[in-house]
1. What does the extension gain come out to for residue 684 and residue 107, with contour length at 0.36 nm per residue minus their alpha carbon separation?
2. Rounded to the nearest 5, what % of the DSSP beta bridges within the range 622-840 are antiparallel ones?
3. Relative contact order of the range 622-840: what whole-number percent is it, with Cα pairs under 8 angstrom and at least 6 residues apart?
4. Looking at this model, which pairs from 322/768; 581/615; 54/792; 636/698 are more than 25 angstrom apart at the alpha-carbon?
5. To check you understand DSSP bridge types, tell me what percent of the beta bridges within the range 489-616 (both residues inside) are antiparallel, rounded to 5.
6. Between residue 223 and residue 92, what is the FRET efficiency for a Förster distance of 30 Å, r being their Cβ-Cβ separation, to the nearest 0.05?
7. At 0.36 nm per residue, and after removing the present C-alpha to C-alpha distance, how many nm does the segment from residue 697 to residue 828 gain when stretched out fully?
8. If each residue of separation counts as 0.36 nm, what is the full-extension length gain between residue 571 and residue 436 once their alpha-carbon separation is subtracted?
Amino acid sequence: MESSNPEGDGLPPPPPIIPPNVVPIVAEEKSFDLIKKASTPKRVPMARPGIGSKGQRIPLLTNHFKVAVNKSDGYFFHYSIAMLYEDGTPVDGKGIGRKVLDKVKETYGSELEHKEFAYDGEKSLFTVGPLPRNRLDFLVVLDDISSTRRTGSPGGSSNPGESAGDMKRVKKQFQSKTLKVQVNFATKIPMQAIVNALRGQDSENFQEAVRVLDIILRQNAAKQGCLLVRQSFFHNNPRNFAELGAGVLGCRGFHSSFRATQGGLSLNMDVSTTMIVKPGPVLNFLMENQNVKTPYQIDWIKAKRMLKNLRITTYSSKMEYKITGLSDKPCKEQRFFLKTKKGQDGDGEEITVSNYFAQYKHLPVRDSADFPCINVGKPKSPSYFPLELCNLISLQRYTKALSSMQRASLVEKSRQKPQERMSVLRDALKTSKYDADLMLRSSGISIGADFVQVEGRVLSAPKLKVGEGQDFFPRNGRWNFNNKKLIQPVKIERWAIVNFSARCDTRYLVNNMLKCGEMKGIVINDPFFVFEENNQNRRDPAPVRVDKMIEYIKSKLPGPPELLLCILPERKNSDIYGPWKRRNLSELGIVTQCIAPAKLNDQYITNVLLKINAKLGGMNSLLQVEHSPSIPLVSKCPTLILGMDVSHGSPGRSDVPSIAAVVSSRNWPLISRYRAAVRTQSPKVEMIASLFKPVSDKEDAGIIRELLLDFYATSNSRKPDQIIIFRDGVSESQFNQVLNVELDQIIQACKFLDESWSPKFTVIVAQKNHHTKFFQTSSTENVPAGTIIDNKVCHPKNNDFYLCSHAGMIGTTRPTHYHVLYDELGFSADDLQELVHSLSYVYQRSTTAISV
């Protein structure tokens, strides 16, 4: 084993580390050029030009805790870990890596000079300062490799826990539990990087140094037996579980990560929720999951999909296994070959699983003899347990999409008022005992116990304009249209009502609509017809009910209506909604409005009319500043505002395409009117693929061209001189791609229309999925609408701010984190913050400021 001075010249060359700003893109056409472009950034996120000053100052607390960094001269040493069985096959370290390294530490403490380390659970290990040598090899013996990874139970065949099919294989598989562990030096990371980043200096090692600190937090939680989901940690405590239905529990835990801010390094802690599978008997779980009363109703194909890869313990052995599948036949018929202990090869008998457990294990199979067995073996060598002997273990993530009922239940059960959230976080910080963590100590990190104080500013609401020349100011982000007419009401002439078997007095509904419409200035004719669903169709599946209804409508109406008002029977989550919208909007091009009225009062009907008015091309209200153009920098020359986002399928489905959507403003100088363009693209790809898509020298089938032409057509044949882009849902590691890949495509689309045209751009990213929250110091309420924070907890250098533009009524307000990446328009801090705040008020369907 070579020994060399770890800090000297004897180091092997460090492996190449990918720059932190490059994210692999799924290879599509163009992708490789995209990667080339992204890895040589032309544009980087801009620095902060200054902080804003407008608005009423307000003292706030935030869920960041101040971190003192008492060590800046040392290095984190990064080692790569390899684990092998004695025969040289690699160990899939995911489940047992931490166990193995604990054993290394226990057995070889002195060879490691009793150094503390941070291990990520897979292939990376970090220490403060070097280990004695660049390469270390250890042998460890594990007594109980849990068979989550390797099937069967260790030991001879006398073990009472063996599953059927295990008998002889056991010896072969577990000749030994001796593992080789290789520790190889990879690179070193200067701790100075953290200090540099906090001073606002560019420091490429900063991301890596903070990653080490975050890994220490993960290790701390792993030692307490938590489920780890990235930087969120969940304790196995039933007090934190909430039933969501169908065998799924919501599990409350907390998020914990380090962030560089203007005020120094801080620890950001927040309440976090994930979904887990309900622990306990597998049979109970399956019945609950499929909503059936007896095991005989279970759909076993569904069950197999559901159970695959979940972990169980068995009554017979208390060992832990991973489910690989289900047997083809029921337990009382499923046979396997049981060799006799001392016989020759081929000696033995065919036996059913249920007989094996009854005879050899004295566990008669009572409840599940008629059902498939659980298989924990490999395809070629299955290993069976009767279902009734199997229990699901706790803290196993449920990653499939939630039903709308489960989602509603999760939201309701994970809500917390601001004060409650603060006390939960204080407790979480105490129970995590970070001050006792030896690895944090040796990194020179100490964490304060108090919420960081910041100063916010409450921007005053923009003035809104409604019909008949009236102006008014919203209060705390809300307003209503009582005694006010809409600014551009529509006329509804050809329309009909469709009732899917809901109990509803349609005559009363129509009279009220006409009356409320008149008060708002909307002229509504009597409906052409009320289509009542035929009673026999109520039992049909939703798509069939919709198809039959559409045939009925076609047979009666002379031509396509301007609007179909559809009454749904269920208040929430009606299964008719999706198929109905799909048929009408994407196939027939008919505007529809669905309602599920509990009570038909004037306010309900007025709110529905606001939606209908916007859908039919009317305008409910305008920002006063649009009317007499004075929006900073936007009103003086033609400006296009774009909003871009990509939505992905649920985590478990990699076959569902992602959908890219871009909305764009039209009718400049107005900004309250917008239209949308959508495209599908490869699953899970966050960068939008089809902004610019030349199909020939003259033709571009991309999204941007479509929107530019629309702007031109609706804005007196003017091209935009300025384009402001709001991009949602990208993380910091992708900012360079937004600037260099997406922005490039948008510029190309402009040049393709007119080579000589060079509009100016501003690019702003809006993030909702972060963990920073704000609390009032003097009140238990949420922060007021319009609260902006651009000091203390923002980025040490980049141009970002937090804005709570909506009034949080339930739970704790989640502010939107805006990052201004690029600004050729030259906004001042105040003007840009004012613009973003004003844009929260132009959502046509709601009478509140919305959060993004």
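The values are calculated or read from the model by the stated rules, or taken from the named source; none is laboratory data. Computed from a predicted model, the values in this text were never measured in an experiment. Cβ sites come from the backbone with ideal geometry, for glycine too, and all protein chains shown count toward neighbours. Keep in mind that these areas ignore ligands, DNA and RNA; they rest on the heavy atoms of the full protein, side chains included. Shrake-Rupley method; radii C 1.70, N 1.55, O 1.52, S 1.80 Å.
1. 203.4 nm
2. Values: 28 of 41 bridges.
Percentage antiparallel, nearest 5: 70.
3. Details: 394 pairs, mean separation 37.7, N = 219.
Once divided by the residue count of the range 622-840, the mean separation gives 17 percent.
4. 322/768; 636/698, as the Cα separations exceed 25 Å there.
5. Taking every DSSP beta bridge within the range 489-616, about 0 percent pair in antiparallel fashion.
6. That gives a FRET efficiency of 0.90.
7. Contour length minus Cα-Cα distance gives 43.2 nm.
8. Working: separation 135, 0.36 × 135 = 48.60 nm, distance 5.16 nm.
Extending this stretch completely gives an extra 43.4 nm.
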